[in-house]
Amino acid sequence: MADAGHGRDESRHRRRGQGELEALVLSSLREADEAVSTTWVQERLGGDLAYTTVITILTRLLAKGVVTRERVGRSFVWTSASDEAGLAAHKMRKVLDGERDREAVLASFVTALSLEDERVLRDLLRDTPAGRED
């Protein structure tokens, strides 16, 4: 019985979800002092991901607008254009954009917030140009 559970733990360790991989790649790019190659990112993540997997993740992040790339010779170098919060915000907007009743989704989201998160959201909304009463 213990072996079966252990196998699941190992499998979970080896197979990370797309969101987790994107966050790891983005984090590694943010640690770089300059634009870096795909190989650099792959090595920074411990080298256990295939080069093609790293390219796929970087390309997805590029499509989301959270990384930029520049051609150098025959390959690209990559730079972070956003952080993990920007990536999470992009995902939230994408989900919201896919819903027909945006108001109901936002109402449900807001009513489920903790008091602290609600306070933060109110402060952020008040501090935006649309939220100020000038």
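The values are calculated or read from the model by the stated rules, or taken from the named source; none is laboratory data. This one's a predicted model, so the numbers in the text were calculated from it and none came from an experiment. Heads up, the Cβs are rebuilt from the backbone with ideal geometry, glycines too, and the neighbour counts pull from every protein chain shown. Accessible surface areas use protein heavy atoms only, side chains included; no ligands, DNA or RNA. Shrake-Rupley method; radii C 1.70, N 1.55, O 1.52, S 1.80 Å.
Annotations
- Ranked by the mean number of other Cβ atoms within 10 Å per residue, highest first, peptides 124-130, 18-24, 57-63 order as 57-63, 18-24, 124-130.
- Taking amide hydrogens as placed 1.01 Å from N in the peptide plane, the amide H of Lys64 sits under 5 Å from that of no residue at least 5 positions away in sequence or on another chain.
- Carbon + sulfur, % of accessible area of the range 13-65 - ligands and nucleic acids excluded, 1.4 Å: 45
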